[in-house]
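Novice: So that we are looking at the same thing, I have put the structure below in structure tokens.
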Amino acid sequence: VLIMLLWVYRSPVSPLVPLLAVTVAYFITRGIVAYLGEHYMTITSYANVLIVVVMYGAGTDYCLFLISRFREEMADDHELEQATTRTVHLVGETITSSAGTIFVGFMAMAFAEMGIFNTSGPALAIGIVLSLLAGLTFTPALLATLGDYAFWPRKATHRAVGRLYELTSKQVSTYPLVTILVISMIM
């Protein structure tokens with residue numbers, strides 16, 4: 001994960017934000033899951049491994065959205081507080097929807113007949129909720145604290161748009177119904 005984040009951000013500071021946020025969320029999740037496992041429910045011994053994989057995968061993804069949007073807001077010369085607020089406002093709904101979908105899926109695992117699934121699903125759901133909360137609270141706080149230093153040694157800039165991305169986005173926005181139909185037929 002660290003190597004991927006270093007490659008994406010080309011900064012030694014930016015990758016620390018998602019890693020720190022997800023690690024804090026992970027330790028809180030472990031405590032909650034351990035408490036629930038001790039007092040209220042059975043939790044499989046594989047749950048911890050699954051929690052690590054799911055939280056670092058999803059939590060890092062949520063942070064990638066936030067950091068990318070924050071970079072755009074800072075590149076537009078918005079003030080730090082305004083950039084942070086706009087970032088959470090514009091990206092918060094997307095990552096909340098994603099986490100909600102994953103949460104429902106993991107909670108549905110509680111009804112599975114196979115033990116490893118019904119005993120790990122609720123624990124994974126807790127991990128997703130805490131990853132989301134860290135993404136919506138702790139990550140923006142870290143970004144607001146760091147400001148432009150989050151992208152050190154460079155300043156926040158807009159990413160160059162590739163030719164394929166530009167052609168695809170024009171096609172989708174010009175012919176949305178055709179795009180939906182083609183994707184639906186392929187699926």
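Novice: Please list Asp77, Asp148 in order of solvent-accessible area, largest first, computed with a 1.4 Å probe with all protein chains present.
Specialist: Final ranking, largest accessible area leading: Asp77, Asp148.
Novice: Picking from Gly162, Gly105, Gly115, which is most flexible by a Gaussian network model of the chain using Cα springs under 10 Å?
Specialist: Gly162
Novice: Using volume of the Cα convex hull per residue in Å³ as the read-out, say which of [x] 121; [y] 148; [z] 233 was calculated from these coordinates.
Specialist: Computed from the coordinates, volume of the Cα convex hull per residue in Å³ corresponds to [y].
Novice: With springs connecting C-alpha atoms under 10 Å apart, model the chain as a Gaussian network and identify which of Thr42, Thr174, Thr119 has the largest mean-square fluctuation.
Specialist: Thr174
Novice: Can you list the chymotrypsin sites (Phe, Trp or Tyr not before Pro) in segment 36-87 that are in a DSSP coil and have 11 or fewer other beta carbons within 10 angstrom?
Specialist: Tyr40
Novice: How large is ³J(HN,Hα), in whole Hz, for each residue of segment 59-64 in order, when computed from phi with the Karplus curve 6.51 cos²θ - 1.76 cosθ + 1.60 and θ = phi - 60°, using x for Gly and Pro?
Specialist: Those phi angles translate into x, 5, 4, 4, 5, 4 Hz.
Novice: What is the helix-to-structure angle for 115-133, meaning the angle in degrees between its Cα long axis and the longest Cα principal axis of the chain, kept from 0 to 90 and rounded to the nearest 10?
Specialist: With rounding to tens, the tilt is 40 degrees.
Novice: Let me ask you something else. What is the projected area of the convex hull of the Cα atoms of segment 53-156, averaged over all directions, in nm²?
Specialist: Quarter of the Cα hull surface area: 6.4 nm².
Novice: With runs of 4+ DSSP H residues as the only contributors, calculate the mean residue ellipticity of the chain at 222 nm using -39,500 (n - 2.57) per run, divided by the residue total and rounded to the nearest 500.
Specialist: My calculation for the chain gives -25000 deg cm²/dmol from helical runs alone.
Novice: Moving to a separate point now. Can you work out the accessible area per residue across segment 1-100, with the rest of the protein chains kept in place, probe 1.4 Å, in square angstrom?
Specialist: 55
The values are calculated or read from the model by the stated rules, or taken from the named source; none is laboratory data. All of these numbers come straight from a predicted model, not from anything done at the bench. We place every Cβ from the backbone using ideal geometry, glycine too, and count neighbours over all the protein chains shown. All accessible areas refer to the heavy atoms of the entire protein, side chains included, with ligands and DNA or RNA removed. Shrake-Rupley method; radii C 1.70, N 1.55, O 1.52, S 1.80 Å.
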